[in-house]
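Please treat every number below as a calculation from the coordinates, not as lab data. These numbers were taken from a predicted model, which means no experiment stands behind them. Virtual Cβ from ideal backbone geometry, glycine too; neighbours counted across all protein chains shown.
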Amino acid sequence: MKVPFLDLSLQHKALREPALAALATTYDATRFCLGKDVEDFEKNFAATLGYPQAVGMNSGTAPLHVACMLAGFGPGDEVITAPFTFISSAWGINYVGARPVFADIEEGTFNLDPARLAAAITPRTKGIIVVHLFGQPARMDEIMAIARKHNLFVIEDCAQAVGAHYEGVPVGIIGDVGTFSFYPTKNLGGCGEGGAFVSRRPELHTRARHIRVHGSDRRYYHDIVGGNFRMDGFQGALLNVKLPHLAEWTQRRQAIAARYLQGIRLADVRLPDQPGYGRSVFHQFTLRHPRRDALREHLTKHEVGTDLIYPVPLHLQKCYASLGYVVGSLPVAEKAASNCLSLPIFPELTDAQVDHVIASLNSF
Ligand SMILES: *Cc1c(COP(=O)(O)O)cnc(C)c1O
């Protein structure tokens, strides 16, 4: 039995008719940049997920960039983030001329370790970018206590955690700004690029809306420095078709994860922790094994697709060589990069496929 790591074609085949009808409407109305479809999506997204409002943008990197602009980070400032994440979590810090500082993660959840975070703070620290990696919320109580003590601006990178809650609060409005990505492989994926910005602070929404369209709220009058971070109309239209399915897709991801957690019985394997403060939406199901590469080869032989997410932690990426980190600087993240293995976990997987993954793992 073949089990691909990810197959986006199934979801898109199922939604082909409503998706193409929505695209045709937007095409005929020539609503190409922002417009009604994006406005509708912003309202639907906020209402469905529990946010006061949302600002649609043209990638998941865009709201991170905008958030760093709003926070006022700049040259001489340090912003702390996690080293075990997608590189984009840190890019915004560079775009505004500040310095990324990486604090190590905790073994169980792959997320920022509050004690390491506290230890990384210096008089130059201005903010924190928390990542809710693989759909699992980070320890926000401890992180927010540290932020309040040092007066730090907190950005939550929720690119992998749409629909996740921390102690009953949707991720993204615990800190100052929350950011989402609708890249096709995300839990809520567009047919192209997309992202969103949320905040519990209404004034930040207003400023984000202005920054999104070249720092203006009237055409050709620019009160602040902005950029082009607009969501396109086709993405708004498609995401409106997909959003009503998100809850059911998330439940399916959680059911697959529960099956993995119950069924995998492999010596030396470390399954991801499930802390009681919030339930993961399982963007990924990532385990650890000391013989990861051999295990991966074994699974490939059994026609099970896997991925290494992530093979190199950010502090050891070439682009950050000048920051001065070396092998051994952040041992927990480095160990995760060397022994992590992500299993297939998309909603369209059948139980038989999931059981084949489990049986293949257990026969290693
Ligand atoms: C996907 C992702 C992003 C960036 O999103 P893009 O839409 O690709 O720009 C940022 N952070 C994390 C953790 C991601 O997984």
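Overview of results
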item: Relative packing of 324-335, 68-79, 49-60, which averages over residues the other C-beta atoms within 10 Å, highest first; result: 49-60, 68-79, 324-335
item: Segments 139-145, 6-12 sorted - mean Cβ within 10 Å per residue, highest first; result: 139-145, 6-12
item: Computed lengthening from LYS43 to THR300, 0.36 nm per intervening residue step minus Cα-Cα distance; result: 88.2 nm
item: Computed Kirkwood radius, in angstrom, where 1/r is averaged over Cα pairs of the chain; result: 21.1 Å
item: Neighbour cut-off at most 13 other Cβ (10 Å), DSSP loop, trypsin sites (Lys or Arg not before Pro), region 194-227; result: ARG219
item: Distant-in-sequence amide H partners of PHE285 (H built 1.01 Å from N, under 5 Å); result: LEU343
item: Cα gyration tensor, region 106-243 - rounded (a/c under 1.5), prolate or oblate; result: oblate
item: For region 74-150 versus region 169-214, the gap between their alpha-carbon centres in whole angstrom; result: 18 Å
item: Rounded to 5, the percent of DSSP beta bridges in the chain classed as antiparallel; result: 55 percent
item: Neighbour-limited loop hits for GluC sites (Glu not before Pro), region 156-193 (at most 12 other Cβ within 10 Å; DSSP other than H, G, I, E, B); result: GLU167
item: Gain on full stretching of the segment that runs from LEU271 to SER363 - 0.36 nm per residue minus C-alpha separation; result: 31.5 nm
item: Neighbour-count ranking [beta-carbon atoms within 10 angstrom, fewest first] of TYR221, TYR166, TYR320; result: TYR221, TYR320, TYR166
item: Per residue convex hull volume, Cα atoms of region 245-362, in Å³; result: 138 Å³
item: Relative contact order for the chain, counting Cα pairs under 8 Å that sit 6 or more residues apart, in percent; result: 22 percent
